[in-house]
Amino acid sequence: MTPFECTSRTHVGHKRKLNEDALLCSPADRIWVVADGMGGHEAGEVASQMVIAELAGLTPADSLTMRVGKAIGALEAVNAALIELALSIGKDRTIGSTVVGLITEGSELGCFWAGDSRALRLRGGEVTQITRDHSLVQELVEAGMLEAERADDHPNANILTRAVGAAKSLQVDHVRGTVLAGDIYLLASDGLTRLVKPEEMVPILSGPELEEAADRMLDLALSRGASDNVSFVIVRFVS
């Protein structure tokens, strides 16, 4: 198994009264997750915490395929519970959460997500986004109707096409890959990725001290206003 180190940060930001993000950073189980709740006061917090609690309680499995499958099954269960909760509160209420997660087994890696929380990988000095946003602006970009550089600043950037709790049927995307020594993975809510561009992350994540890198990343987001909650997990695989 490729050795690793990890850290995480979450901050309410400068304008929100409540932090609706939730994190799972579990090196013992080799699972890391960021969930960004939505639904207004208290509801978003409930949704993201339900996502994290369900994923934190996963039982062991014999393979990466089985572990990712269990994670997706857990999210489907949370999705059903959130739909039921929303219906009990009000007919038009939506209580949901984005999610992005990383699981490793040996040198294999699985990433799963729903919504616009992102997973990015720094390898060889280059940052690559390994998730695809489930959002209206992403669809506009792919249709050639919007330049990718303008997506994060678009007035409809917060409109999601997929999230846990958003619809009766949940589709969770997932990809697999191989971990290389020196790889750094960043899981983040949009409160970070809208403020800090991938090219700006390279010198920060490339520093020798992981905790210092996390502090610098958070400080940079906060210095730019941070109107949303800011949350992220960093996992660095070492030689």
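The values are calculated or read from the model by the stated rules, or taken from the named source; none is laboratory data. Owing to the predicted nature of the structure, the values given are computational and were not obtained by experimental measurement. Neighbour counts are summed over all protein chains in view; Cβ atoms, including those assigned to glycine, are modelled from backbone coordinates with ideal geometry.
Miscellaneous remarks
- I72 outside any strand (DSSP E or B), more than 16 Å from the chain's Cα centre (by Cα) and farther than 28 Å from M217 by Cα: no
- Answer residue from region 173-204, given it is part of a helix (DSSP H, G or I) and of a type in the set (A, V, I, L, M, F, W, C) and is farthest from R224 (Cα to Cα) among those: V202
- Restricting region 78-125 to residues that are out of contact with any helix residue (DSSP H, G or I) (no Cβ under 8 Å at 6 or more places or on another chain) and among the acidic types (D, E) leaves a set whose member that is farthest from L23 (Cα to Cα) is D92.
- Considering residues of region 191-239 that are acidic (D, E) and in contact (Cβ under 8 Å) with a residue 12 or more places away in the chain only, the residue surrounded by the fewest Cβ atoms within 10 Å (Cβ to Cβ): E199
- Of the criteria (1) assigned to a loop (DSSP other than H, G, I, E, B); (2) under 21 Å from V99 (Cβ atoms), which one G207 fails: (2)
- Residue list for region 149-172, filter: assigned to a loop (DSSP other than H, G, I, E, B) and more than 28 Å from S88 (Cα to Cα): H154, P155, N156, A157
- Residue list for region 139-179, filter: within 30 Å of M66 (Cα to Cα) and surrounded by 18 or more Cβ atoms within 10 Å (Cβ to Cβ): L160, R162, A163, V164, G165, A166, L170, V172, V179
- For the residues T7, T65, the requirement of being more than 26 Å from L136 (Cβ to Cβ), polar (S, T, N, Q), modelled with pLDDT of 95 or more and assigned to a helix (DSSP H, G or I) singles out T65.
- Residues of region 108-130 that are among the small types (G, A, S), part of a loop (DSSP other than H, G, I, E, B) and surrounded by 14 or more Cβ atoms within 10 Å (Cβ to Cβ): G115, S117.
- Residue in region 215-225 that is over 20 Å from V33 (Cα atoms), among the hydroxyl-bearing types (S, T, Y) and part of a loop (DSSP other than H, G, I, E, B) present: no
- Inter-residue pairs, beta-carbon under 6 Å, first at negative phi and part of a loop (DSSP other than H, G, I, E, B) and in region 131-148, second among the basic types (K, R) and surrounded by 18 or more Cβ atoms within 10 Å (Cβ to Cβ), 6+ apart: T131/R118; H134/R162
- I103 being of a type in the set (A, V, I, L, M, F, W, C), under 18 Å from V46 (Cα atoms) and out of contact with any Cys (no Cβ under 6 Å at 6 or more places or on another chain): no
- Qualifying positions in region 23-55 - assigned to a helix (DSSP H, G or I) and surrounded by 15 or more Cβ atoms within 10 Å (Cβ to Cβ): A43, G44, E45, V46, A47, S48, Q49, M50, V51, I52, E54, L55
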